[in-house]
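The values are calculated or read from the model by the stated rules, or taken from the named source; none is laboratory data. All of these numbers come straight from a predicted model, not from anything done at the bench. FYI the Cβ positions are ideal-geometry reconstructions off the backbone, even for glycines, and counts take in every protein chain you see.
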């Protein structure tokens, strides 16, 4: 254990001495240990360095080099061990030796975190579980220990590399055995990362501890790093443990499905996505329908789900793909707590993979996607797609601007979209059936935009003929325009599909796409929503950074709305606000025309609405108010040009 460092290092050095070879296979550079932190230059290392310099025998040099490296490793072990405070070290020791009274005394200190992690990744509850300390397990759980926290320890080799112990696998194993447990079957398990307490209890066939963990709501549906549930590790000779964990897992799955259905009825997927995306109701409905079929089991599990997003730039294609990834990999509201528990795993597993296909315009770029074949440069590095899918099989993969990719790339995708698998450059098969693939393209974007504008104009004429104005219609329901505007089948068949066939030249490629999703230009009401959303962002930014409050009137919104460009979508709105509003705010703040605590109104000139004007809003004192005053507020124009003129005059006078 931690307190038995002397015994540990004695055993450690004995093993090292037994491994020193009389004939070195290679020589380690002296700089290997000289450059390792300042620790290697302490007085304990200097005699070794001096001895090394005086040696002429290469065999002796080799032995001394290895000894020096291990001396560094031993000291670094102490460094990580000493990261724990004395009370925290005692907590791990008490869990290891089942010292219940020590646990009770230690946990009286409110400053001790019962879920604290050892520098190598495990918690006190993990230690108590793997050492079969039933009393300690129950006590820790009763005091708030989280049974669903995942162990961050991987294996001997990976942890050695992480902490720069490339040559001390045996020493690392001793540390794990002495400080955690020597009961684990390390030879049959490649990694322990992601193991919860329930994983360890099932692995060690401890029925009593499994029952205790179940009593304290341990989650049997949490998978480890390799995607295995605790039930996978049930021993063949333990029928009672097997029956218990399988029954508990079945109940948990049933409860999870019921909660998921209930949450979806209360908070449908369409509503969740619309919280972050303005407009595009038809596109959202199409995508949500396909996702619903997939989740409910009404799809072919042997083939992945593939979308083709069509439309001009800046209409929400990439954002919708991100929202799909967010939904798929957080699943539902009931899994929010589960995702907090697996926060470290979620950080590593990139659930959204974006691949810019403009980087794959040449034939030889295929190797970047799946890895180079044997004998070629880069063999062994892996491919951008295959490595990402191996890390997160349920990822949403965005192939941005697929129309720019080389035709050879499409050949690779035929297999991926049909069978849901890829073979990388090393011959390994990567399963991608659970992933969702989104292709984006600007093909036919002009035709789609023109079609949408014609339909909108026809709708406006129809409304005027019935006495309903566009403004009143939008006031009643801002989504009504998008709900009415649906791309006709005739337009898709006669206009869009011929353009796609002419470019891709492969019917089999288009045939593997489940849904073609059309993104339309924004309506007037949606442009106003975009403006308000972007202005609200800068309002919050100004308040957080400078304590300045920004407001705006209808004239400013109408002026900014004119900047909307069909070809650039929401980006044109964003750039116009940066040019017309943010630039002025930054200049005024730099020149001290506005300061913290001010309220700034965005408006336009009274006579000509040619640009955005800033006005400082101030409260008129009661004693200064007159009958002619329009109210209790006054609006002071902020004139950046006048300020610059005064600066020029001052410079001229000084000269």
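What is the residue count in the stretch 561-620 for residues that are surrounded by fewer than 18 Cβ atoms within 10 Å (Cβ to Cβ) and in a loop (DSSP other than H, G, I, E, B)?
17
Residue under question is residue 231, and the condition is that it be touching a helix residue (DSSP H, G or I) at 6+ places or on another chain (Cβ under 9 Å) and assigned to a loop (DSSP other than H, G, I, E, B); does it hold?
The answer is no for residue 231.
Hey, could you check the stretch 496-509 for residues that are in contact (Cβ under 8 Å) with a residue 40 or more places away in the chain and part of a helix (DSSP H, G or I) and say which is nearest to residue 324 (Cα to Cα)?
Our first condition is that a residue be in contact (Cβ under 8 Å) with a residue 40 or more places away in the chain; within the stretch 496-509, this holds for 496, 499-500, 503-506, 508-509.
Okay, now just the ones that are also part of a helix (DSSP H, G or I), so 496, 499-500, 503-504, 508-509.
Numbers: 496: 25, 499: 27, 500: 25, 503: 27, 504: 26, 508: 26, 509: 23 Å.
That would be 509.
Results for (1) in the same structural domain as residue 129 (by TED's automatic domain parsing); (2) within 23 Å of the chain's Cα centre (by Cα); (3) assigned to a strand (DSSP E or B), shown as yes or no for each residue.
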position: 211; (1), (2), (3): yes, no, no
position: 222; (1), (2), (3): yes, yes, no
position: 245; (1), (2), (3): yes, no, no
position: 278; (1), (2), (3): no, yes, no
position: 284; (1), (2), (3): no, yes, no
position: 297; (1), (2), (3): no, no, no
position: 309; (1), (2), (3): no, yes, yes
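If a residue has to be over 26 Å from residue 216 (Cα atoms), touching a residue at least 12 places away in the same chain (Cβ under 8 Å) and surrounded by fewer than 14 Cβ atoms within 10 Å (Cβ to Cβ) to count, how many in the stretch 238-267 make the cut?
1
Based on what the data block shows, is residue 528 buried (at least 18 other Cβ atoms within 10 Å of the Cβ) and either in contact (Cβ under 8 Å) with a residue 40 or more places away in the chain or over 30 Å from residue 419 (Cβ atoms) (or both)?
Numbers: buried (at least 18 other Cβ atoms within 10 Å of the Cβ): yes; either in contact (Cβ under 8 Å) with a residue 40 or more places away in the chain or over 30 Å from residue 419 (Cβ atoms) (or both): yes.
For residue 528, the condition - buried (at least 18 other Cβ atoms within 10 Å of the Cβ) and either in contact (Cβ under 8 Å) with a residue 40 or more places away in the chain or over 30 Å from residue 419 (Cβ atoms) (or both) - is met.
Looking only at residues in the stretch 315-360 that are at pLDDT below 70 and closer than 21 Å to residue 289 by Cβ, which one is surrounded by the most Cβ atoms within 10 Å (Cβ to Cβ)? Break it down into steps so the answer makes sense when it comes.
As a first pass, look at the stretch 315-360 and keep what is at pLDDT below 70: 330-349.
Pick out the ones that are also closer than 21 Å to residue 289 by Cβ and you get 330-333.
Values: 330: 14, 331: 16, 332: 19, 333: 15.
Only one residue fits best here, namely 332.
Mind checking which helices (runs of 4 or more DSSP H) fall wholly inside the stretch 96-143 and carry at least 3 residues that are without any contact (Cβ under 8 Å) to a residue 40 or more places away in the chain and more than 20 Å from residue 204 (Cβ to Cβ)?
100-106
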